[in-house]
1. Determine, yes or no, whether residue 258 is within 27 Å of residue 407 (Cβ to Cβ), in contact with a helix residue (DSSP H, G or I) (Cβ under 6 Å, 6 or more places away or on another chain) and surrounded by fewer than 18 Cβ atoms within 10 Å (Cβ to Cβ).
2. Just to be sure, is residue 171 within 24 Å of residue 278 (Cα to Cα) and modelled with pLDDT under 95?
3. When you scan region 153-168, how many residues do you find that are hydroxyl-bearing (Ser, Thr, Tyr) and either in contact with a His (Cβ under 6 Å, 6 or more places away or on another chain) or open to solvent by 10 Å² or more (accessible area, probe 1.4 Å) (or both)?
4. Those residues that are surrounded by 15 or more Cβ atoms within 10 Å (Cβ to Cβ) and modelled with pLDDT of 90 or more, I need them from region 129-140; list them, please.
5. For a quick check of your reading of the model, give me the residue pairs whose first member lies in region 414-433 and is at pLDDT 95 or above, whose second is among the aliphatic types (A, V, I, L, M) and assigned to a loop (DSSP other than H, G, I, E, B), with beta-carbon atoms closer than 6 Å and at least 6 apart or on different chains.
6. Select from region 413-435 the residues that are surrounded by fewer than 12 Cβ atoms within 10 Å (Cβ to Cβ) and either polar (S, T, N, Q) or within 28 Å of residue 165 (Cβ to Cβ) (or both) and list them in ascending order.
7. Since residue 147 meets every condition but one in (1) within 24 Å of the chain's Cα centre (by Cα); (2) open to solvent by less than 20 Å² (accessible area, probe 1.4 Å); (3) modelled with pLDDT of 90 or more, which condition does it not meet?
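The values are calculated or read from the model by the stated rules, or taken from the named source; none is laboratory data. Fair warning: this is a prediction, and the values are worked out from it, not measured in the lab. Neighbour counts are summed over all protein chains in view; Cβ atoms, including those assigned to glycine, are modelled from backbone coordinates with ideal geometry. Just the protein is used for accessible areas: all its heavy atoms, side chains included, with ligands, DNA and RNA removed. Shrake-Rupley method; radii C 1.70, N 1.55, O 1.52, S 1.80 Å.
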Amino acid sequence: MSVQPPTALPRDLLNDDAMQQALSSHDFGAVFRLARKRAGISYSRIAAECDIKPERVGTLARGQGRISTFGKIVQIADALRVPGHMVGLAPRPWEADHAPAPQDLTGPPMHRRTVLQVATASGLAAALPALQHAAPPTRITTSYVDRLRERTARLRRLDDILGGGDTYRVYLAEVQRTKAVLHRGSFTGEGVRLRLTALLAEQAQQAGWAAFDGGRGREAASLYEESRAYAQEAGDTDLYGNSLAFLAYGTLARDRRTAVAIAQESCATVTDATPASVRALLYERLAWASAVDGQPARTEAALASAQEALETAPDGEPQPDWSVWVDRTELGIMTGRCWTELSRPLRAVPALKDALGRYPDEYARDKALYLSWLAEAYLTAGEVEEAATTTNRALDLATGVASIRPMQRITPVLESLHPYGQLPSVRAVLERAAP
């Protein structure tokens, strides 16, 4: 049995609701406060065992700042003897044979903004909850497919806070497992097989997105094509249209006109039965392809169609989990991105500022990306200092994110700032970004 450190939290405190909430949200300032108040563990003792400066412990306990590195989360968990599952880690070595059961990702929803908030590319394998699959039943039923769909929805939340460099292998493993069930399973009816085929199309899209985000363009295209084939086989028009939208997005870098044509084809799948968020998503992707191709009229029309879809959505209309994130804020960001691409900063800046004001920093990768478009729009408008300040903020958020896209966007903005290096704000951000 391992020796308990002097900062080990007592069992009754670990079972306390306030402590569990603080641990699950990685609010270690609250954890430290509760440890001192309820267990008499001094801040100086916590600082020594967790290898944190005493003044930093006090600052965190006063609610200022957060712990943001994977290694430090592990260190705190070990020093306070917090079971791994309580902070999104695998069981720690000291938990031995009585470690808690692995989390079932099809159970109650996890807080979407705090799941694995600090996992990094180097520590993801240790930080992820256990991803074990139970063996499939002898006969594949509708309820079993529904459980897999719930699991897929939960795993999709990882994309809110992690980059594709972290999530690609996780999502790809889900695709491979579902393929195995589809090809080897025995089904209670043809409808069940088709439901699982549609789920496979959905999973392939998620894996393709992670591949794209992590710089694996070829793998992304292959997965999108697979998704299209599975969606067509399943007769799922919404997923089929989304697979085309993904293909259009990936094609933009090498063939803009073809990308616009594919995006138009995706929008042609829209019917009166298409959920509002799906319609808005497909029209957003068409707007983006049109903007990159320099077509302002088509861009504006597509954005208007996306806005109409959201504004006229029937109350209570069910939305697929894979498109539910498309809302007014997302449309505002896409609107600003499009007008930035079309060099229309008077339209771009207000849209981006309004939407980014509602966008949480927890979504670091995406917010860093969107700030890069705001910085570019400021530059186009001649607001150089604002561009420099915004770029610096984007760099803050992009640091440590396992995605190639933020720096792909930020680097050209930095290059555009070079001619203004005599300005203090510009010089500061250029010096910070220098290798």
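1. Numbers: within 27 Å of residue 407 (Cβ to Cβ): yes; in contact with a helix residue (DSSP H, G or I) (Cβ under 6 Å, 6 or more places away or on another chain): yes; surrounded by fewer than 18 Cβ atoms within 10 Å (Cβ to Cβ): yes.
So residue 258 passes the test.
2. Values: within 24 Å of residue 278 (Cα to Cα): yes; modelled with pLDDT under 95: yes.
Considered against the rule, which asks whether it is within 24 Å of residue 278 (Cα to Cα) and modelled with pLDDT under 95, residue 171 comes out as yes.
3. Residues that pass the stated criteria total 1.
4. 140
5. That search, which allows pairs on different chains as well, returns nothing.
6. 415, 422, 431, 434, 435
7. If we test residue 147 against (1) within 24 Å of the chain's Cα centre (by Cα); (2) open to solvent by less than 20 Å² (accessible area, probe 1.4 Å); (3) modelled with pLDDT of 90 or more, just (2) comes out false.
This table checks each residue for (1) charged (D, E, K, R); (2) touching a helix residue (DSSP H, G or I) at 6+ places or on another chain (Cβ under 8 Å); (3) open to solvent by 10 Å² or more (accessible area, probe 1.4 Å).
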site: 353; (1), (2), (3): yes, yes, yes
site: 356; (1), (2), (3): no, yes, yes
site: 370; (1), (2), (3): no, yes, yes
site: 387; (1), (2), (3): no, yes, no
